[in-house]
1. Against the condition under 18 Å from residue 88 (Cα atoms) and assigned to a loop (DSSP other than H, G, I, E, B), how does residue 42 come out, does it pass?
2. What number of residues in segment 138-147 are open to solvent by 10 Å² or more (accessible area, probe 1.4 Å) and either touching a helix residue (DSSP H, G or I) at 6+ places or on another chain (Cβ under 9 Å) or hydrophobic (A, V, I, L, M, F, W, C) (or both)?
3. Of everything in segment 331-383 that's of a type in the set (D, E, K, R) and closer than 25 Å to residue 138 by Cα, which residue is farthest from the chain's Cα centre (by Cα)?
4. Could you tell me which of the residues 380, 351 is free of Cβ contacts under 8 Å to residues at least 60 places away in the same chain and open to solvent by 10 Å² or more (accessible area, probe 1.4 Å)?
5. Do we find a residue being hydroxyl-bearing (Ser, Thr, Tyr) and in a strand (DSSP E or B) anywhere in segment 377-392?
6. Out of 45, 18, which single residue is at pLDDT below 90 and either of a type in the set (Phe, Trp, Tyr) or surrounded by 13 or more Cβ atoms within 10 Å (Cβ to Cβ) (or both)?
7. Sort out which residues of segment 1-11 are open to solvent by less than 30 Å² (accessible area, probe 1.4 Å) and farther than 26 Å from residue 69 by Cα, and write them in order of number.
8. Show the residue pairs that are 6+ apart or on different chains and have beta-carbon atoms under 7 Å apart, the first residue being within segment 25-50 and without any contact (Cβ under 8 Å) to a residue 40 or more places away in the chain, the second being open to solvent by 30 Å² or more (accessible area, probe 1.4 Å).
Amino acid sequence: MTTLGPGANAPVATGQVRVDISYSAIPGADIDVSAFVLGAAGKVRGDTDMCFYGQTNVLGGAVQMTESSAGRAGFTLDLSRLEAAVEKVALTATIYENKASFDRVSHLALTVTGGIEAQIPTAGMKETALILGEFYRRQGEWKFRCVAQGFAGGLEPLAQHFGVEVAAPAPAPAAPTPAPAPVPAPAAAPKPSVSLSKITLDKTRSSISLEKTADGFGEIKVNLNWNKGKGGGGFFSRNNAIDLDVGCLYELQDGSKGVVQALGNCFGELNRDPYIQLKGDDRTGAVSDGEWLHINGKHWGEIRRVLVFAFIYEGAPNWRETDGVVTIHVPGQPPIEVRLNEEGGRLGMCAIALLENVGGSVKVSRRVDFHKGHSLMDKAYGWGMRWAAGSK
């Protein structure tokens, strides 16, 4: 059984798959589970792209809801019958009329044909609508990703996120009043466009700035994940062939510099200088959601810049085949994703993303450039530290 955490993915067979969703019911509040068939823009193309309790069979049976009862829901999907224009199928859950939030749901999990399980961590979730997971195409093959991201406003923002128009209730008729003299109407202010889906930084959009809120940035979490494979000693087997590690170079506002990584046991500290900590180092492959760096956003004002990197500690460099992805989670912000989808040749070090303090904001810039080792990456980014061989 492959167990996925938020952001983790696993390959699935192209053909018919079954998804079973189980959850602990909330007294007095109904939970509705749905599937949205999405095109290239991440939007539905019409009413027939929504599979839910009122429409349980869509696209000629390619997507079907097979079960819907208190505590359980089920779907079957024939991925081989989905036309090329379909890039994703998202599975969602909403609490009817926002009568509760998902922190009331003590258990929420999905199982997918082929031995895949995704546990949704609901502790502290104030959202009333969630994207549980998604099937998506990757280089002509299908994969399943655990998403576990949500919307505080319930069904309406979730539906609008997928391009579904939600009809507003008609207002009650008001008593007639004398018509005022006509005056020129002021131009309507443009509505802000905020996407709660992942923001992917690539060559067309290489950076984004996150403005500090009144509550600060909270705890910034940086996740490195990659293809777990099926074991057996091949390249994709983390148990036998590869150890991919995450780390960072940091520079504080007082000019002090350093590195946080497993190599040399430089795990850092979260509540004191440097306010960055590596949360363990998985060398066994048992941790399905990869490796995590945490940055104490309450002390972001004391940090000048952070360069997130990954290096192949064991195994032949082949970055594109790792299907690696770094996801940066900032509380109250959409996740920021940087994929390691370029070929690094025989270079075992990849500088992935640069986080800079620009006037108090967090500017995140995609890098994805490759280096032979720490010292050459240091030189490329002007850190100016001395390096010696280390081990872990």
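1. So residue 42 fits the description; yes.
2. Number satisfying all stated conditions: 1.
3. Restricting to residues being of a type in the set (D, E, K, R) and closer than 25 Å to residue 138 by Cα, the top hit is 346.
4. 380
5. no
6. Unique residue meeting the criteria: 45.
7. 7, 8, 9, 10
8. 48/59
The values are calculated or read from the model by the stated rules, or taken from the named source; none is laboratory data. On a predicted model such as this, the values are computed, not experimentally measured, just so you know. Methodologically, a virtual Cβ is constructed for each residue, glycine included, from the backbone with ideal geometry; neighbour enumeration extends over all protein chains shown. Quick note on the areas: whole protein, heavy atoms, side chains included, nothing else; ligands and nucleic acids left out. Shrake-Rupley method; radii C 1.70, N 1.55, O 1.52, S 1.80 Å.
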